[in-house]
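Encoded as structure tokens, the structure appears first; notes follow it.
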Amino acid sequence: MDQKPFVSVTRRLHGLFVTSAAVVLLITGLVVLCVELVTSRNQLIERAGLFTGLTSPHLANVLALDSPILAHKLLENYFSEPDLLGIYVYRNDGSLLVELSKPELTLPLPEPSFLLRSQLEVSHSFSFDLFEYSMPVRTNRGLEGQIYLQYSLAGVKQKVLFYLLFGVSLYLLSLLGVYLLSKRIQAGLTEPIDQLLDAMEQVSVHQNYDLKIYESRKKTELSSLISGFNRMLVEINKNARELKSHQKVIEQHVYFDPLTGLANRRLLMQNMEREVVRARRTKQFGALVYMDLDHFKTINDSLGHSVGDAILNSVSARIRKAIRQADTPARLGGDEFVVLLPELGQNESSASHNALSVAEKVRQSISEVHSIEGRSLHVTPSIGIALFDGANDQFENLIMQADLAMYRAKEEGRNQVQFFLEQMQEHADHRQQIEERLREAIEKDRLYVSYQPLVRGAGKIVGAEALLRWPDGENGLINPSAFIPIAEMTDLICCLGNWVLTEVCRQMAEWEAQGRVLVVSVNISPREFQQENFVEQVQEVVISTGVRADCLVFELTEGVLLTNVDKVRNKMRRLSELGIRFSLDDFGTGYSSLQYLKQLPINTLKIDQSFVRDITTDSNDAAIVATIIAMARSLDIDVVAEGVEKKEELAYLIKCGCTLFQGFYFSRPVRAKRMASLIPSKQQDQVCEVQIQTLPTHQFTD
Ligand SMILES: Nc1nc2c(ncn2[C@@H]2O[C@H](COP(=O)(O)O[C@H]3[C@@H](O)[C@H](n4cnc5c(=O)[nH]c(N)nc54)O[C@@H]3COP(=O)(O)O)[C@@H](O)[C@H]2O)c(=O)[nH]1
């Protein structure tokens, strides 16, 4: 880059100032000298003129008398005049009448041409040493002769020399004065300018805005500039501070989770990349520990978001406390936390051991009671661990592995730690495959609904349960237990649920148009029910299909009810207003809380088939079933016994007071066409109870 040498402005000003002063003083000195020379010259001419003017009338007489003695006498009085070296008087013919000269000097005689010229007029001339003056001497008779004077210029020269010496000394002294003055002015200018330059460097290079340049009290342009600069620095400082704090906020937003202050996904990813490079170099293993709080949604929904946030903060504080400084704790969102553990050891088994002990420490710490807003709350995490080394470096891959391990921990009963294993990946791939094929099946309308009759007493069909069926070209009929839980992991269940509801309502409306009115229950998954606009979606389906909503029963599991009870009650109330009724599915397998039964508009309990299956062999199950039936009866709630397969089971259930049944003993789930044939046509305004023929076991199948 072309870098021009630095030239100080003040030095240039100083140079200019001194040079200008030197030139001005020189010119002034020369002018004074010239004036002095001209004055001296004029004075000499004047003196010579005066001299000749005084003497020429007498000289004219003396010349007329041609008396050198008289001439001498006349002139000697004037000869004492300073600088006058010689007086010569010539006759008309050019001969010398008298000469008065300093004896010690040998003076040159005047040039004849000069004398000749001065016969006519007054003449004078200057040479280096001499001033010559000549004048014709006249009377009224005419020209009598000439007087010629020689003056020494030594006096003038001396004077000039004196002036020169004096002038040069004065000049040099003045220059020195000017130089010193200029230096002082320069210092006065340079100091603040240098301060400004230093300050500017501090600001531009070192971003140091905490400066203040000294401001002199004297008001000058520079002092104004400095005070302006100081004001500007204060402003810049203020802006820089604001900028810094904004930057901090932005950085905080960009790299940190706003709620807990832990690293966010971006920062975690960056640190991970750094640690993978280090792991490659140091040949060390590291780990990603992925954790999700068990049933956090329930806490959040039932106790409110401020309690939920407080728990998340408390959990993040526990995580921080349980890990090393070099580890990165992060929150990915919701109740999902990740800890990056670098440098866990150089072999896989010691790294696994170390990762496990950190994860266990974190798990135990989180599981201890949290005091939030005066309550003692318990939360537990499910934790998955994925190890990494320099070779295994894809962040998304690792997060996915740790996530899969965490899911396994959930499946295994929660509140535990699981390592990622290759099979988990296979399961995940399988799940993904199912999900993709299921989406395609919905799109291409390959699904259908089967109906399993609901029977009262020994054989009256009083309704049916709608059960989704997926015939897959390659694999035959895929069991809902194989794909519903997968769909429930994502929003796919919402799409699937809406499809089933629409199809069931369409079918019911079609039956109704044929005079076959049947109560049909539809399984609603928790995720589906929890959609904010679930009620509106149902309303839309009911309106668009024209189905009788009072013939619809929604089968909910306790999972639905575990969330915010007020919200659930509100939704159920709004759906009840449409005419929809509710039954509680799989009763006995979950919390089986009487609380729900009291608080929510539940019309029916469905005893889970796992109890029914063993009532004839397991006295515990028999007792549970009997208790559920008695309790429901006392609460005036209908009870359906599911999975009735044997006559003996039916007999026991009837003995306990159960009146509604569902199971292979009566019928397997059947296609819609077959179901329609079981519902005899009736008056449309009346929901029927259809007398089922004495059913041979397993007569109706998919
Ligand atoms: N959210 C939704 N879930 C659905 C839907 N369709 C089905 N499902 C759920 O899938 C699970 C498995 O269902 P499926 O394989 O259809 O099994 C049902 C019956 O076939 C079976 N059953 C009925 N009687 C008997 C019997 O006597 N023995 C026996 N071994 N099995 C029997 O029980 C299943 C019905 O159970 P439930 O729903 O609890 O009443 C199942 O959990 C379905 O809920 C859907 O559309 N949405």
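In the stretch 301-316, which residues are touching a residue at least 40 places away in the same chain (Cβ under 8 Å) and among the small types (Gly, Ala, Ser)? Ser302, Ser306, Ala310, Ser314, Ser316, listed by residue number.
Note on the stretch 353-370: residues that are in contact with a Leu (Cβ under 8 Å, 6 or more places away or on another chain) and exposed (fewer than 15 other Cβ atoms within 10 Å of the Cβ) amount to 1. Within the stretch 200-215, not a single residue is among the small types (Gly, Ala, Ser) and open to solvent by less than 60 Å² (accessible area, probe 1.4 Å).
A single entry from Gln531, Gln537 fulfils the requirement of being surrounded by 15 or more Cβ atoms within 10 Å (Cβ to Cβ), within 16 Å of the ligand (Cβ to nearest atom) and either hydrophobic (A, V, I, L, M, F, W, C) or assigned to a helix (DSSP H, G or I) (or both): Gln537.
When restricted to residues that are surrounded by fewer than 14 Cβ atoms within 10 Å (Cβ to Cβ) and not in a loop (DSSP other than H, G, I, E, B), the stretch 216-225 contains 2. Across the stretch 338-352, the number of residues qualifying as more than 21 Å from Asn264 (Cα to Cα) and under 27 Å from the mean Cα position of the chain (by Cα) comes to 0.
Within the stretch 201-214, not a single residue is polar (S, T, N, Q) and within 27 Å of Thr19 (Cα to Cα). For the stretch 423-440, filtered to residues that are open to solvent by less than 100 Å² (accessible area, probe 1.4 Å) and basic (Lys, Arg), the residue that is farthest from the chain's Cα centre (by Cα) is Arg437. Here Val625 clears all of (1) within 15 Å of the ligand (Cβ to nearest atom); (2) surrounded by fewer than 21 Cβ atoms within 10 Å (Cβ to Cβ) except the condition numbered (2).
The number of residues in the stretch 638-666 being on the phi < 0 side of the Ramachandran plot, within 10 Å of the ligand (Cβ to nearest atom) and part of a loop (DSSP other than H, G, I, E, B) comes to 8. Residue under question is Pro258, and the condition is that it be over 30 Å from Ser40 (Cα atoms) and either open to solvent by less than 40 Å² (accessible area, probe 1.4 Å) or β-branched (Val, Ile, Thr) (or both); does it hold? Considered against the rule, which asks whether it is over 30 Å from Ser40 (Cα atoms) and either open to solvent by less than 40 Å² (accessible area, probe 1.4 Å) or β-branched (Val, Ile, Thr) (or both), Pro258 comes out as no.
The residues of the stretch 200-231 that are out of contact with any helix residue (DSSP H, G or I) (no Cβ under 9 Å at 6 or more places or on another chain) and hydrophobic (A, V, I, L, M, F, W, C) amount to a single one, Val205. Among residues of the stretch 34-60 that are closer than 15 Å to His124 by Cβ, those with a beta-carbon under 7 Å from a residue that is assigned to a helix (DSSP H, G or I) and open to solvent by 70 Å² or more (accessible area, probe 1.4 Å) at least six positions away or on a different chain give the pairs Ser40/Lys159. Restricting the stretch 441-478 to residues that are under 30 Å from Ile654 (Cβ atoms) and open to solvent by 70 Å² or more (accessible area, probe 1.4 Å) leaves a set whose member that is modelled with the highest pLDDT is Arg456. Condition check for Asn397 on (1) in contact with a strand residue (DSSP E or B) (Cβ under 8 Å, 6 or more places away or on another chain); (2) surrounded by fewer than 17 Cβ atoms within 10 Å (Cβ to Cβ); (3) not assigned by TED's automatic domain parsing to the domain that holds Ala641: one failure, at (1). Residues in the stretch 480-513 that are over 51 Å from the mean Cα position of the chain (by Cα) and within 12 Å of the ligand (Cβ to nearest atom): Val504 only.
Output the number of residues of the stretch 552-600 satisfying the condition of being open to solvent by 40 Å² or more (accessible area, probe 1.4 Å), touching a residue at least 24 places away in the same chain (Cβ under 8 Å) and among the acidic types (Asp, Glu). Looking only at that region, the number is 1.
Please verify whether the stretch 630-637 includes one or more residues that are assigned by TED's automatic domain parsing to the domain that holds Val541, open to solvent by less than 10 Å² (accessible area, probe 1.4 Å), within 15 Å of the ligand (Cβ to nearest atom) and under 14 Å from Leu660 (Cβ atoms).
Keep residues of the stretch 630-637 that are assigned by TED's automatic domain parsing to the domain that holds Val541, which gives 630-637.
Checking which are open to solvent by less than 10 Å² (accessible area, probe 1.4 Å) leaves us with 632.
Pick out the ones that are also within 15 Å of the ligand (Cβ to nearest atom) and you get none.
Checking the stretch 630-637: not a single residue is assigned by TED's automatic domain parsing to the domain that holds Val541, open to solvent by less than 10 Å² (accessible area, probe 1.4 Å), within 15 Å of the ligand (Cβ to nearest atom) and under 14 Å from Leu660 (Cβ atoms).
Looking at this structure, is Gly473 away from the ligand (no atom under 13 Å from the Cβ) and closer than 26 Å to Leu556 by Cβ? Answer is no for this residue. Considering only residues that are away from the ligand (no atom under 11 Å from the Cβ) and among the basic types (Lys, Arg), look in the stretch 667-681 and name the one that is surrounded by the fewest Cβ atoms within 10 Å (Cβ to Cβ). My answer is Lys673.
Being part of a helix (DSSP H, G or I) and not assigned by TED's automatic domain parsing to the domain that holds Lys361 is true for just one of Arg439, Arg408. Which residue is that? Write out each step before concluding.
Numbers: Arg408 fails: not assigned by TED's automatic domain parsing to the domain that holds Lys361.
Criteria check complete, one pass: Arg439.
The values are calculated or read from the model by the stated rules, or taken from the named source; none is laboratory data. All values reported here derive from a predicted model rather than from experimental measurement. Note that we place each Cβ from the backbone using ideal geometry, even for glycine, and neighbour counts take in every protein chain shown. Please note that ligands, DNA and RNA were not included when accessible areas were found on the heavy atoms of the full protein model with its side chains. Shrake-Rupley method; radii C 1.70, N 1.55, O 1.52, S 1.80 Å.
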